[in-house]
1. Describe numerically, in nm with one decimal, the distance between label points set 7 Å from Cα along Cα→Cβ at residue 138 and at residue 90.
2. May I ask you to compute the full-extension gain from residue 51 to residue 98, defined as 0.36 nm times their residue separation minus their alpha-carbon distance, rounded to one decimal in nm?
3. In whole Hz, with x marking every Gly and Pro, tabulate ³J(HN,Hα) for the range 102-113 from phi via Karplus 6.51 cos²θ - 1.76 cosθ + 1.60, θ = phi - 60°.
Amino acid sequence: MLLRIGPFAGPEVKFFDGLGASEVTWLKSKLNWSISAAAAPLRGPAVRVPENLPVHRPEVIAQLASELSAVSDALRYRDNFARLLPQRIATLTTEVESRNHEAAVATLLSLNVGSTMVGAPRLQYVVAQCLADVRGGRSTACLPTLNRESERFLSYLAESSDTGHPTRR
């Protein structure tokens, strides 16, 4: 994927800035695409995400921006996390199915840190549950929920970029 080189235009950077037309089309198609087709069969109860957890907390990005040199850096981090999320979930699914627990734990730790840094509490909650399951050798019933929450996060970002302002849900 090609990302725009050099500094972004400013704090008004949109989610799809720096991506080519084919990448934008691909990301927007994720609204109707399900990563869960490759998920392992359910073995045990699915993860229930507390309803009071928001999909995204924009104030986390604002905090990250205050710690970096520019707001655009925080937005770029969030957008790169989102852009790579579907592939990371697919990789995790393969690692779990092939019983490569060490690689699955490493992927989940990375997703845990990333989802926390971009302010995705629902996603972070499910990642933490998956991490506990994989570390404990328990079922991987969390994968369909992880797929659903990652799609929900991507949809939220796509919708907020289309409308120009985020909606909290």
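Values in this text are rule-based calculations from the coordinates and carry no lab data. Note that the structure is a prediction, hence the values are computed from the model and not measured. No Cβ is skipped: glycine too gets one built from the backbone with ideal geometry, and neighbour counts run over all protein chains shown.
1. 2.9 nm
2. 13.7 nm
3. With coefficients 6.51, -1.76 and 1.60, one gets 4, 5, 5, 5, 4, 5, 5, 4, 5, 5, 5, 5 Hz.
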